[in-house]
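Presented below is the structure to which this report refers.
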Amino acid sequence: MGKFIIYGLIALIALFVLEFFQIVDIPYLEIPDYVSEKKGMTQKQEASMKELK
């Protein structure tokens, strides 16, 4: 029984690694990209501040 749990964990880790290096695209395993989201938020804030001036 424990052997199957270990095999399942190895498969999940392999899927996360493949998703992280963008070898495959698994929609249920989306790893959030915080850097680009933060840049987008700061660009929106800068654009709104320029509009106010």
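Results, tabulated for the structure shown:
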{"read-out": "Any pair with Cβ under 8 angstrom, 6 or more apart, that starts in the range 26-51 at a residue that is part of a helix (DSSP H, G or I) and ends at one that is modelled with pLDDT of 75 or more and open to solvent by 90 Å² or more (accessible area, probe 1.4 Å)", "value": "29/16"}
{"read-out": "Top-ranked residue of the range 19-36 - restricted to ones that are among the acidic types (Asp, Glu) and open to solvent by less than 100 Å² (accessible area, probe 1.4 Å), ranked as modelled with the lowest pLDDT", "value": "33"}
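The values are calculated or read from the model by the stated rules, or taken from the named source; none is laboratory data. In this text the structure is predicted, and so the values were computed from the model without any measurement. Quick reminder, even Gly has a Cβ in these numbers, built from the backbone with ideal geometry, and neighbours come from all protein chains shown. Remember, those area values only see protein heavy atoms, side chains included, never the ligands or the DNA or RNA. Shrake-Rupley method; radii C 1.70, N 1.55, O 1.52, S 1.80 Å.
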